[in-house]
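Written below as structure tokens is the structure these notes are about.
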Amino acid sequence: MTADSVEIGIRNEKKVQNHIGGVHASAMNLLAETATGMVVGMNVRDDCIPLVKELKMAFRKRATGSLRAVATLSAEQRAAMQVSDKGEVNVSVTVTDEAGVNPVKCEFVWAWIPSGSRKLTS
């Protein structure tokens, strides 16, 4: 983990497998969401809270073995999170399996709002 990048993994174990023995789609989504949420959470101001606003996941190939997700923010994205009390950011995340294949393509949009807010606005 660094301020601009988070890398996490999940093992292909029985408890996270789907009916064909791969990591379940929901577990892949959670892996990508966790990586993106962690990098946003480390960069959003302490008086703000991060909220996932939108996510898309396209399944491209069958995953082989364990998976790794790497989420990154640019210096410009990180700076914007520090100067504004609300906004949104498209967080880049790549999911790779043991064979070096990207079985899914993910898009995550995270927003941040002041911690006293109750309503998410664009």
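What follows is calculated from the coordinates using simple rules that are stated; it is not laboratory data. Not measured: the values here are computed from a predicted model. Neighbour counts are summed over all protein chains in view; Cβ atoms, including those assigned to glycine, are modelled from backbone coordinates with ideal geometry.
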Condition test on residue 52, is it buried (at least 16 other Cβ atoms within 10 Å of the Cβ) and assigned to a strand (DSSP E or B)?
no
Within the stretch 72-106, which residues are more than 16 Å from residue 27 (Cα to Cα), aliphatic (A, V, I, L, M) and either free of Cβ contacts under 8 Å to residues at least 60 places away in the same chain or in contact with a strand residue (DSSP E or B) (Cβ under 6 Å, 6 or more places away or on another chain) (or both)?
79, 80, 81, 83, 89, 91, 99, 101
Exactly one of 45, 62, 68 is on the phi < 0 side of the Ramachandran plot and touching a helix residue (DSSP H, G or I) at 6+ places or on another chain (Cβ under 7 Å), and that residue is 45
Those residues of the stretch 27-75 which are of a type in the set (Lys, Arg) and closer than 15 Å to residue 94 by Cβ amount to 56, 60, 61, 68
Residue tally, condition in contact with a Pro (Cβ under 8 Å, 6 or more places away or on another chain) and of a type in the set (Gly, Ala, Ser), over the stretch 23-38
1
The listed residue being in contact (Cβ under 8 Å) with a residue 40 or more places away in the chain, surrounded by 16 or more Cβ atoms within 10 Å (Cβ to Cβ) and part of a strand (DSSP E or B), out of 35, 58, 69
69
